[in-house]
Amino acid sequence: MHLAQFNIGRMIAPRGDARVAEFYDHLDEMNAVADAAPGFVWRMVDGEANDATSLRPYDRDPEMLVNLSVWESRQTLFDYVYRSGHMEYLRRRREWFLPLGEVFTALWWIPEGTIPELADAMRRLEHLREHGPTPYAFTFRQAFEPEEPQSVPVDTRSAL
Amino acid sequence: MSIEAVALLQDPIRKRLYDYVVAAGHDVGRDEAAAAVEIKRPLAAFHLDKLTEAGLLDAVFRRPDGRTGPGSGRPAKFYRRAEAEFAVSLPERDYRTVATILAEAVEHEGFEAAIAEAAAAHGPVVTGGELFAALAERGYEPYRDGAVIRLRNCPFHRLALDFPPLVCGMNLALLAGPAAEAGWTARMDAAPGRCCVSFSKTNED
């Protein structure tokens, strides 16, 4: 199983505004660190750009950015987000993003080889906000393991 | 339980062995530990195993560095700092819950600028320009990596895992002032397995 991550952030100003210029200037760099990070599998881009900042799925909230990516494990995702050059920008996040007052990141397990859908990701974050961490949508601090298969075929030869 | 573990360090030989292993930055074998503390190998082994039983060190079995494949001998026992944490508070106090609740509120509401400002007043005190000693005094376990000072231990480890941008940002704010005072520049330099801050000499040009 792979780990999907969805997070959102409301910018303090629209693209083009000097207050968020530095964030956009370093976006390619941050994404390059992600792409090269151990355990990176996939991240959502809008098709034309190399990032997802033009996707604004929250109709009534046009400054809400979304970010959707897939990783091999919780640890590899954690190490990219919090233990890489990405951290310098994360530390400064309040310069560009407004506090949201509630949970803004959701994690869940997906079968390897599948790509998460944005609408599904938004539902999972909503679920996490309403019900707290569950295997359907959880957080770094309260993470769940991928579910074990219900039954495992037994290779009788290996018992000999 | 934890008070018994901590009490083990009353013994000066054990304390020296423990200090050596946690500062080493690599897994330490019995021969190396015995030599470092200037005792015989069996005595070192006895105390290292005592520290392991108490949960202060973790023991791992592996072949010595550089030796692999057939003929490289049996795996030897190596020691490293334990993952577990010990804290003793008498009477019982629980600052971690308080810190977690406050951190969660900040994470949601955002008071990072105020926290950075407050942190600046609580940094290590540098005397005589000695940044290294000031960091050691506060438990950061500094070490030199070429021209850079790095920190082996994060004194806020658990909280830094739970609230990384908040706690690591606070840590940088805590250390930036004392570093500057001693002629060093502190920066966010996060990587797995060490504290998020490193220091380089401030350019005097």
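The values are calculated or read from the model by the stated rules, or taken from the named source; none is laboratory data. Here the structure is a predicted model, which is why all the values come from computation and not from measurement. Here the Cβ is made from the backbone with ideal geometry for all residues, glycine too, and neighbour counts use every protein chain on show. For the accessible areas, the whole protein counts, side chains as well, though only heavy atoms, and no ligand, DNA or RNA atoms are used. Shrake-Rupley method; radii C 1.70, N 1.55, O 1.52, S 1.80 Å.
If you take the square roots of the eigenvalues of the alpha-carbon gyration tensor of the protein assembly as shown and sort them as a ≥ b ≥ c, do you get rounded (a/c under 1.5), prolate (a/b over b/c) or oblate?
Because a/c hits 1.5 or more and a/b fails to exceed b/c, the protein assembly as shown counts as oblate.
Please compute the net charge surrounding A:Gly85, taking Lys and Arg as +1 and Asp and Glu as -1 over other residues with Cβ under 12 Å from its Cβ.
Computed value for this residue: -1.
What does the accessible area per residue of region A:2-159 come to in Å², with a 1.4 Å probe and no ligands, DNA or RNA counted?
55
Around B:Ala113, under 10 Å between beta carbons, what's the net of Lys plus Arg minus Asp minus Glu among the other residues?
-2
Taking chain B as a Gaussian network, where each spring joins two C-alpha atoms under 10 Å apart, which residue of B:Phe163, B:Phe78, B:Phe46 fluctuates the most?
B:Phe46
In straight Cα distance, which aspartates and glutamates are under 13 Å from B:Lys77, not counting same-chain residues fewer than 8 positions off?
B:Asp27, B:Asp31, B:Glu32, B:Asp49, B:Asp58, B:Asp65
Can you list the residues of region B:146-168 whose accessible area drops by at least 30 Å² going from the chain on its own to the full set of protein chains, with a 1.4 Å probe?
Those are B:Leu161, B:Asp162, B:Pro164, B:Pro165, which lose 30 Å² or more relative to the chain on its own.
Is there a quick way to get the dipole size of chain B? I mean about its Cα centre, with the Cβ of Lys and Arg at +1 and of Asp and Glu at -1; what is the value in debye to the nearest 20?
With Lys and Arg at +1 and Asp and Glu at -1, about 1160 debye.
Just add up the charged neighbours of B:Pro124: K/R +1, D/E -1, any other residue whose Cβ is under 12 Å from the Cβ of B:Pro124.
It works out to a net charge of -2.
Other chains near A:94-104: what is the mean number of their Cβ atoms within 10 Å of each residue's Cβ?
Mean partner-chain Cβ count within 10 Å for A:94-104: 3.
Expressed as an acute angle from 0 to 90° and rounded to the nearest 10, what is the orientation of the C-alpha long axis of helix B:12-24 relative to the principal long axis of chain B?
Between the helix axis and the principal axis of chain B, the angle is about 70 degrees.
Can you give me the long-range amide H partners of B:Gly29? Hydrogens built in the peptide plane at 1.01 Å from N, cutoff under 5 Å, separation of 5 or more residues or another chain.
Result for B:Gly29 returns B:Tyr79.
Am I reading the A/B interface right? What is its buried accessible area, both sides, 1.4 Å probe, to the nearest 100 Å²?
1700
Which whole number gives the average count of other chain Cβ atoms within 10 Å of the Cβ atoms across peptide B:106-113?
4
Can you list residues whose amide H is under 5 Å from A:His2's amide H, if they're 5+ apart or on another chain and H is modeled 1.01 Å from N?
The list, which skips near neighbours in sequence, is A:Ile110, A:Glu112.
Over chain A, with a Gaussian network built from C-alpha contacts below 10 Å, which listed residue (A:Leu107, A:Leu77, A:Leu55) shows the highest mean-square fluctuation?
Looking only at A:Leu107, A:Leu77, A:Leu55, the largest GNM fluctuation is found for A:Leu55.
If one takes the longest principal axis of the Cα atoms in chain A, at what angle in degrees, from 0 to 90 and to the nearest 10, does the Cα axis of helix A:27-36 lie?
20
Which cysteines does chain B leave without a neighbouring Cys Cβ under 4.7 Å?
Cysteines of chain B left without a disulfide-compatible partner: none whatsoever.
Which one of B:Gly146, B:Thr185, B:Ala173 is farthest out on the positive end of the charge dipole of region B:72-205, using unit charges on Cβ (Lys, Arg +1; Asp, Glu -1) and the Cα centre as origin?
The residue sitting farthest along the positive end of the dipole is B:Gly146.
How many nm separate the modelled label positions at A:Ile115 and B:Val6, each set 7 Å beyond the Cα in the direction of the Cβ?
Those two pseudo-labels are separated by 5.4 nm.
Which one, B:Ala44, B:Ala105, B:Val22, is farthest towards the positive end of the dipole of region B:1-118 when Lys and Arg carry +1 and Asp and Glu -1 on their Cβ?
So the residue furthest toward the plus end is B:Ala44.
Just how large is the dipole of region B:95-204 about the Cα centre, in debye to the nearest 20, putting +1 at every Lys and Arg Cβ and -1 at every Asp and Glu Cβ?
400
Out of the total accessible area of chain B (probe 1.4 Å, heavy atoms of protein only), what percent is carbon and sulfur?
55
Between 0 and 90 degrees, rounded to the nearest ten: what's the tilt of helix B:41-53 against the longest Cα principal axis of chain B?
Tilt of helix B:41-53: around 50 degrees.
Hey, got the average number of other protein chain Cβ atoms within 10 angstrom for residues in B:191-198?
The per-residue average across the peptide is 3.
Determine the dipole magnitude for region A:2-159: charges of +1 sit on the beta-carbon of Lys and Arg, -1 on that of Asp and Glu, nothing else is charged, the reference point is the Cα centre, and the result goes in debye to the nearest 20.
Rounded to the nearest 20 debye, it is 480 debye.
How much mean residue ellipticity at 222 nm does chain A get from its helices, if each DSSP H run of length 4 or more adds -39500 (n - 2.57) and you divide by all residues, to the nearest 500 deg cm²/dmol?
One gets -7500 deg cm²/dmol as the mean residue ellipticity at 222 nm.
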